[in-house]
1. For the subset of segment 91-131 comprising residues that are of a type in the set (S, T, N, Q) and without any contact (Cβ under 8 Å) to a residue 60 or more places away in the chain, which member is nearest to Leu47 (Cα to Cα)?
2. Is it true that Arg181 is closer than 17 Å to Ala80 by Cα and at pLDDT 85 or above?
3. Residues of segment 146-164 being in contact (Cβ under 8 Å) with a residue 40 or more places away in the chain and either among the polar types (S, T, N, Q) or surrounded by 19 or more Cβ atoms within 10 Å (Cβ to Cβ) (or both), which ones?
4. Do any strands (runs of 3 or more DSSP E) lying entirely in segment 134-204 carry at least 3 residues that are more than 17 Å from the chain's Cα centre (by Cα) and among the hydroxyl-bearing types (Ser, Thr, Tyr), and which ones are they?
5. Out of all the residues in segment 120-135, is one or more over 24 Å from Met36 (Cβ atoms) and either of a type in the set (Ser, Thr, Tyr) or surrounded by 15 or more Cβ atoms within 10 Å (Cβ to Cβ) (or both)?
6. Look at segment 69-89 and say how many of its residues are of a type in the set (D, E, K, R), part of a helix (DSSP H, G or I) and touching a residue at least 40 places away in the same chain (Cβ under 8 Å).
Amino acid sequence: MRAGTTRKNRFLASLVSLLLILAAPLSAVQAATSAMAVVKSAVNQALKIIADPKYKSAPEAERAELLKVLDADFDFKAMAHSSLGTQWKQLNEDQRKRFEVAFQNFMEARYVKIIESYSGQKIDFVKESSIGPDLSEVHTSVNSPMLQSPLDFNYQLRQENGEWKVYDLVIAGISEVASYRNDFVKQLNRGGFDALMKKLANPD
């Protein structure tokens, strides 16, 4: 498969997987609810935000609402730590705090851009499986005229304090967090912490 096609597939999968997990704060859903049920409930909430005419007429205000949803449903701090792997231990306290903020800003900007590009791809809910204590992996399939065949992807959630939160997306068998870990570690080794922070602030 050509690199351009692979990037397109991953973009579409990221887009749909984000819509699946965006919703009102998950604390509104009872802790006993399965991750699959949370996902299905989240779809309508997310699509409602994007479909609201106010989103186009007042994008800044509506994006702020979307960011609230992102912050409620994603464990950005856990994702930030994981994205550096063992390199996390090499950072001092100030660097860790700065990286957490920069990583969250980077991911929020990326996800908002992807969400705003949604164009009605069909989503099939396949199954939910337990991957550990308070951990769940929801398998879904994306169907789109732009794809030659349905694209499988998983998203992984952790239940903490009665809430399900996303800590990774696995698209076509590839972990997003692991992908960033490879890039970030290379950047750290090549240019150091300041170079990584600059890269996060000014992504390609």
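The values are calculated or read from the model by the stated rules, or taken from the named source; none is laboratory data. Bear in mind that the values here come from a model prediction, so they are computed numbers and not experimental data. No Cβ is skipped: glycine too gets one built from the backbone with ideal geometry, and neighbour counts run over all protein chains shown.
1. Ser119
2. Values: closer than 17 Å to Ala80 by Cα: yes; at pLDDT 85 or above: yes.
Judged against the criteria, Arg181 is a match.
3. Leu151, Phe153, Tyr155, Leu157, Arg158, Gln159, Trp164
4. Strands (runs of 3 or more DSSP E) meeting the threshold: none at all.
5. Residues of segment 120-135 over 24 Å from Met36 (Cβ atoms): none.
No - not one qualifying residue is present in segment 120-135.
6. As a first pass, look at segment 69-89 and keep what is of a type in the set (D, E, K, R): 71, 73, 75, 77, 89.
Right, trim to part of a helix (DSSP H, G or I) and you get 71, 73, 77, 89.
Still in the list and also touching a residue at least 40 places away in the same chain (Cβ under 8 Å): 73.
Final tally of qualifying residues: 1.
Yes or no, residue by residue, for (1) surrounded by 13 or more Cβ atoms within 10 Å (Cβ to Cβ); (2) farther than 21 Å from Tyr180 by Cβ; (3) out of contact with any Phe, Trp or Tyr (no Cβ under 8 Å at 6 or more places or on another chain):
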position	(1), (2), (3)
Lys56	no, yes, yes
Glu62	yes, yes, no
Leu70	yes, no, no
Asp75	yes, no, no
Ala78	yes, no, no
Gln90	no, no, yes
Gln95	yes, no, no
Glu100	yes, no, no
Gln104	yes, no, no
